[in-house]
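The values are calculated or read from the model by the stated rules, or taken from the named source; none is laboratory data. What you are looking at is a predicted structure, and each value in this text was computed from that prediction instead of being measured. A quick note on method: Cβ atoms are made from the backbone with ideal geometry, for glycine too, and the neighbour counts reach across all protein chains shown.
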Amino acid sequence: MKKLILLLIVLTGILLPSDVINTKNGLIFKIEKTNVNEPNFLKIDFITDNIVHIQATRKKQFIDTSLIILNNCINVDIKWNYYQKNNSHFLETQRIIIKVDNSSSMLTFFNKKGEIILQEANNGKIIKPIEFPCERAYSIQQIFKTHEDEAFFGLGHHQLGIMNYRGHDIDLWQHNMIAVVPFIVSSRNYGILWDNYSRTKFGDPRDYISIEDLNIVGIDGKTPGLTAEYFSDRDFNKLYLKSQEQRIQHKYLDVNDPFPKDFGEKIKSVRWSGFIKPEKDGVYKFRLYCSGYTKMWINDELIVNNWRQNWLPWYHFKKLHMKKGNVYKIKIEWIHDGGFIGLEYLPPSDTDYADLLSLWSEVADEIDYYFIYGETIDEIIKGYRLLTGKAPLMPKWVAGYWQSRERYKTQDELLGVLDEYRKRKIPIDNIVLDWFYWPENKWGSHDFDRSRFPDPEEMVRTVHENYNAHIMISIWPKFYVGTKHYEEMLQNGFLYLRNIQLGQKDWVGYVSTFYDPYHEGARDLYWKQIKEKLVPLGFDAWWLDATEPDIHSNLSMEETVKRNGPTGLGPFRRYRNIYSLFHTKGIYENSRKTLPNKRVFILTRSAFAGQQKYSAAVWSGDVAARWFDLKNQIPAGLNMCLSGIPYWTMDIGGFAVENRIATNPKTDDLEEWRELFTRWFQFGAFCPIFRAHGQYPYREIYNIASHDHPAYKSMVYYDKLRYRLIPYIYSLYWKITKEDYTIMRALIFDFPNDKNVVNIADQYMFGPYILVCPITEYKTRSRNVYLPETNGWYDFYSGNFYKAGNSYKIDAPYERIPLFIKAGAIIPAGPEIQFVDEKAANPIRLFIYGGEDASFTLYEDEGDNYNYEKGAYSEISFKYNDKDKTLRIFERKGKYPGMIQNRIFEIIYITPDNPKPFNFKIKPDKTAIYKGKQIKLKLE
């Protein structure tokens with residue numbers, strides 16, 4: 001738990017006012033309060049010359065430890081100065097200046113040029129007492145002013161289709177499709193790491209309320225409430241009954257308004273209609289939460305048209321400026337499919353959060369955050385990882401293609417998939433065994449149902465030896481009552497008991513609960529059970545599902561808090577967002593001890609600040625198989641990577657599929673599914689992890705379409721291209737570990753001075769040189785592409801040159817997505833292979849794109865052990881000089897067992913006057929025999 005320390009006066013040589021106290025790397029200020037919700041004390045501590053820790057408290061104590069910050073970055077000596085000027089205090093390092101207003105305690109952060117980076121709003125520090133059943137604490141809010149052109153990114157991933165969060169409200173709580181990282185990056189060269197583990201909100205902190213508080217009348221224009229029409233068909237034709245309803249509140253399993261009798265059996269669809277008569281002018285915010293097929297109109301404008309699987313509803317937001325005296329028509333049509341729906345709103349606020357940076361948390365002892373200044377976003381991310389931990393190097397096979405589905409039901413079925421891939425010569429490196437390989441009533445036992453998986457050890461051996469592949473297995477923090485592992489956890493007090501006490505059954509039909517990873521002993525016991533049952537079988541990676549934790553879906557916020565906890569650290573409400581962090585910590589640390597020579601890989605459905613140090617990747621949850629969801633994955637992934645978590649992936653094709661596709665699909669529906677999956681696959685080939693997964697239809701390339709179908713041809717093309725690019729991708733994996741790099745890059749990373757890129761949510765850089773432009777609409781065969789300001793761009797497929805800073809309409813035939821290469825690029829590509837280690841990457845083809853200087857470092861090692869931590873790896877650096885048209889290949893650094901001593905580099909040189917496609921049929925312009933010593937080549 002967090003420890004508390006008393007404020008101590010430390011004697012120093014600095015002459016300080018009586019209300020200022022010196023600490024090792026900063027100062028403590030006593031605040032003259034002007035309102036009751038202000039803090040009494042403010043603490044400023046420098047971590048580095050560009051990172052500062054800010055704390056504000058109403059107590060006479062500050063929190064001394066953190067659950068996310070590394071201890072070894074706290075006690076570093078920093079050179080800083082203090083002075084007073086114009087009735088303000090100033091703290092200064094070599095990189096930043098912090099001003100503390102003497103009368104208001106308002107903070108302002110400057111760069112060394114004296115330019116304001118960030119400034120608090122008036123009364124920007126708010127600490128309010130709050131009481132819950134289990135504790136008394138505070139809710140906290142920190143508010144800053146923003147610049148007119150400022151944009152905000154990060155915060156984990158959210159399925160809202162938003163790239164730039166400015167003007168939006170983001171609710172940070174772990175959910176199947178929300179992974180929370182309370183780290184925000186500004187286009188104004190700073191980041192804020194918010195050190196709080198409870199539910200947090202960016203933007204407007206108010207809770208949405210029921211529409212019954214809004215002045216709404218039915219379709220007759222006078223009767224209070226919405227007119228509700230219930231239909232016995234799905235086409236809104238056969239009216240079953242009609243009523244007047246004050247609200248739409250069918251969101252949860254535990255607190256819901258009742259539906260009419262025979263709902264579900266005889267009622268298939270609902271229409272709510274009426275008029276909103278606002279009682280004051282201002283911006284109203286609406287939030288529709290729904291599953292099934294839903295449409296919503298306001299003033300005949302269609303603002304929602306979506307489908308979600310019935311068990312996983314999702315949010316849709318709409319802001320509307322309304323005027324008192326006007327009337328606004330509203331209509332909602334819902335084909336429920338057994339799902340959920342709720343409509344809520346927020347009235348106009350006295351505070352315009354659209355022009356503020358506000359962070360609010362539900363439970364805290366103090367305001368606690370880290371300000372990180374950086375001249376680039378890469379430097380800001382580097383600061384985040386300095387505080388929370390570096391990302392270890394993933395196994396090399398992780399960069400290949402992953403095949404998964406829900407689920408392989410038998411041992412033969414799983415092995416048959418790998419067999420088919422190898423027969424067809426379609427590259428693959430990893431297959432995934434999803435849930436339910438155990439006997440039906442033994443969830444958490446880690447046993448196999450031997451009627452379906454007769455010899456799991458032999459299965460894993462066959463994957464490794466016969467198919468040269470890897471296998472990841474799904475493990476949950478979940479236990480059925482009565483299993484041996486359940487009893488072990490129960491006896492040690494490591495289980496959440498409320499779900500058991502209520503006798504709540506899961507969708508399979510058994511009572512279960514989750515373990516508490518906040519206990520170190522629980523983490524160790526959880527691993528002990530895995531070590532005994534699964535480790536001896538030889539699995540390569542761990543898929544940690546439902547790590548929100550999702551004990552039972554579709555419960556209200558309050559009931560979710562009750563079902564989880566108390567934790568080993570205290571009330572769940574306070575620590576709700578870090579379950580996944582501690583769960584991955586236990587797996588990673590114990591795996592390193594048990595298997596010291598095998599790199600850990602963890603895939604999890606949730607994330608938190610610091611989780612990257614546990615070799616954990618995150619995927620975007622059980623998203624739906626719709627074009628809408630495909631489009632939303634792009635900004636979701638980009639913002640997760642902007643949050644400092646470098647390894648992100650998704651279910652290619654979407655997890656849940658509509659019945660029109662899953663059950664006896666019509667020809668047109670099947671063709672739409674194939675195109676959706678293909679477009680998703682094309683995008684996935686340029687993500688940090690390339691992974692297909694989902695429910696029926698089966699997700700294997702050969703099950704999507706026949707070999708002569710454009711879908712099949714396209715997927716095989718991009719799969720093989722991914723494998724050609726392994727030297728590029730794996731070198732970037734190393735760059736993540738060595739330099740805190742980010743491989744999946746929003747355009748703001750590399751083009752911060754181009755204001756046109758700030759809100760672009762459907763283009764990004766894959767590494768430093770490849771611009772990826774996915775297709776996210778059905779039957780689209782071209783799209784507008786903006787080429788950011790630089791020295792120019794080359795079309796990937798033709799080599800044709802384009803001027804930068806312009807938008808172009810680019811062809812996007814079924815089988816291709818637009819790809820561009822930045823002028824001034826070096827891209828290494830290897831031979832055609834079926835798995836990453838099939839053969840050595842020799843020769844390597846270097847595609848050199850002229851127009852600007854370029855560099856790249858090729859990294860190689862043994863691929864799946866930790867010898868790289870001991871220096872067992874090699875680096876070969878390349879540098880292209882555009883002025884004299886030369887390529888310099890520098891002397892190799894380092895060595896490792898099995899390293900290629902002499903190798904061949906084939907150079908393809910592309911310029912505006914000499915375009916060439918990115919392929920392997922064209923003859924090299926130059927060939928270099930490299931023996932580890934520096935060589936220089938003239939390309940023209």
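Quick one: which residue in Asn22, Asn50, Asn75 is in the same structural domain as Ser187 (by TED's automatic domain parsing), at pLDDT below 95 and out of contact with any Leu (no Cβ under 8 Å at 6 or more places or on another chain)?
Values: Asn22 fails: out of contact with any Leu (no Cβ under 8 Å at 6 or more places or on another chain); Asn50 fails: at pLDDT below 95.
Being in the same structural domain as Ser187 (by TED's automatic domain parsing), at pLDDT below 95 and out of contact with any Leu (no Cβ under 8 Å at 6 or more places or on another chain) holds for just one of Asn22, Asn50, Asn75, which is Asn75.
Those strands (runs of 3 or more DSSP E) of the range 104-222 in which at least 2 residues are surrounded by fewer than 18 Cβ atoms within 10 Å (Cβ to Cβ) and not assigned by TED's automatic domain parsing to the domain that holds Leu581, considering only elements entirely within it, cover 116-131, 136-145. If you go through the range 643-664 and keep only what is outside any helix (DSSP H, G or I) and either hydroxyl-bearing (Ser, Thr, Tyr) or over 24 Å from Gln682 (Cα atoms) (or both), you end up with Ser643, Gly644, Tyr647, Thr649, Thr663, Asn664. Within the range 86-102, identify whether any single residue is buried (at least 21 other Cβ atoms within 10 Å of the Cβ), in contact (Cβ under 8 Å) with a residue 24 or more places away in the chain, among the hydroxyl-bearing types (Ser, Thr, Tyr) and not in a strand (DSSP E or B), and answer yes or no. No, there is no match, as no residue in the range 86-102 is buried (at least 21 other Cβ atoms within 10 Å of the Cβ), in contact (Cβ under 8 Å) with a residue 24 or more places away in the chain, among the hydroxyl-bearing types (Ser, Thr, Tyr) and not in a strand (DSSP E or B).
So is Phe582 in contact with a Phe, Trp or Tyr (Cβ under 9 Å, 6 or more places away or on another chain), surrounded by 23 or more Cβ atoms within 10 Å (Cβ to Cβ) and under 17 Å from Asp540 (Cβ atoms) or not?
Working: in contact with a Phe, Trp or Tyr (Cβ under 9 Å, 6 or more places away or on another chain): yes; surrounded by 23 or more Cβ atoms within 10 Å (Cβ to Cβ): yes; under 17 Å from Asp540 (Cβ atoms): no.
Taking the combined requirement at face value, the residue does not satisfy it.
Of all residues in the range 223-262, those satisfying the criterion of being of a type in the set (Val, Ile, Thr) and part of a loop (DSSP other than H, G, I, E, B) are Thr223, Ile248, Val255.
The numbered conditions (1) touching a Pro at 6+ places or on another chain (Cβ under 9 Å); (2) over 23 Å from Thr351 (Cα atoms) are all true for Lys222 except (1). The C-beta contact set for the range 34-47 (first residue outside the structural domain of Ile98 (by TED's automatic domain parsing), second residue acidic (Asp, Glu), distance under 6 angstrom, 6+ apart or interchain) is empty.
Picking from Lys268, Lys280, which residue would you name as being among the basic types (Lys, Arg), more than 35 Å from the chain's Cα centre (by Cα) and surrounded by 19 or more Cβ atoms within 10 Å (Cβ to Cβ)? Can you show your working first?
Details: Lys280 fails: surrounded by 19 or more Cβ atoms within 10 Å (Cβ to Cβ).
It is Lys268.
Tallying residues that are within 11 Å of Leu525 (Cα to Cα) and in a loop (DSSP other than H, G, I, E, B) within the range 483-507 yields 2. Where helices (runs of 4 or more DSSP H) fall entirely within the range 552-622, those with at least 2 residues that are hydrophobic (A, V, I, L, M, F, W, C) are at 557-563, 579-594. The set of residues from the range 609-644 being over 22 Å from Tyr733 (Cβ atoms) and buried (at least 24 other Cβ atoms within 10 Å of the Cβ) comprises Val623, Ala624, Ala625, Asp629, Leu630, Asn632, Pro635.
One residue is enough: does the range 422-439 have a residue meeting the conditions of a type outside the set (S, T, N, Q) and touching a Pro at 6+ places or on another chain (Cβ under 7 Å)?
Looking only at the range 422-439, we keep the residues that are of a type outside the set (S, T, N, Q), and these are 422-429, 431-439.
Subset that is touching a Pro at 6+ places or on another chain (Cβ under 7 Å): none.
No, every residue in the range 422-439 fails to be of a type outside the set (S, T, N, Q) and touching a Pro at 6+ places or on another chain (Cβ under 7 Å).
Only residues that are free of Cβ contacts under 8 Å to residues at least 24 places away in the same chain, surrounded by 15 or more Cβ atoms within 10 Å (Cβ to Cβ) and basic (Lys, Arg) were counted across the range 780-805, and they come to 0.
Looking for something surrounded by fewer than 19 Cβ atoms within 10 Å (Cβ to Cβ), within 30 Å of Lys113 (Cα to Cα), of a type outside the set (Phe, Trp, Tyr) and at pLDDT 95 or above - is there at least one such residue anywhere in the range 356-372? Taking every residue of the range 356-372 in turn, at least one turns out to be surrounded by fewer than 19 Cβ atoms within 10 Å (Cβ to Cβ), within 30 Å of Lys113 (Cα to Cα), of a type outside the set (Phe, Trp, Tyr) and at pLDDT 95 or above. Condition check for Thr886 on (1) hydroxyl-bearing (Ser, Thr, Tyr); (2) over 32 Å from the mean Cα position of the chain (by Cα); (3) surrounded by 20 or more Cβ atoms within 10 Å (Cβ to Cβ): one failure, at (3).
Tell me, which residue of the range 840-856 that is surrounded by fewer than 17 Cβ atoms within 10 Å (Cβ to Cβ) and modelled with pLDDT of 95 or more is farthest from Lys938 (Cα to Cα)? Full working, then the answer.
Step one: list which residues in the range 840-856 are surrounded by fewer than 17 Cβ atoms within 10 Å (Cβ to Cβ), which gives 840, 842, 852-853, 855.
The next check asks that each one be modelled with pLDDT of 95 or more; those that pass are 842, 852-853, 855.
Details: Asn842: 22, Glu852: 16, Asp853: 14, Ser855: 16 Å.
Among residues in the range 840-856 that are surrounded by fewer than 17 Cβ atoms within 10 Å (Cβ to Cβ) and modelled with pLDDT of 95 or more, the one farthest from Lys938 (Cα to Cα) is Asn842.
The range 367-482 holds helices (runs of 4 or more DSSP H) entirely within its bounds, and those carrying 3 or more residues that are among the hydrophobic types (A, V, I, L, M, F, W, C) and in contact (Cβ under 8 Å) with a residue 60 or more places away in the chain map to 377-388. None of Lys60, Lys43 is at pLDDT below 95, among the charged types (D, E, K, R) and out of contact with any Asp or Glu (no Cβ under 6 Å at 6 or more places or on another chain) except Lys60.
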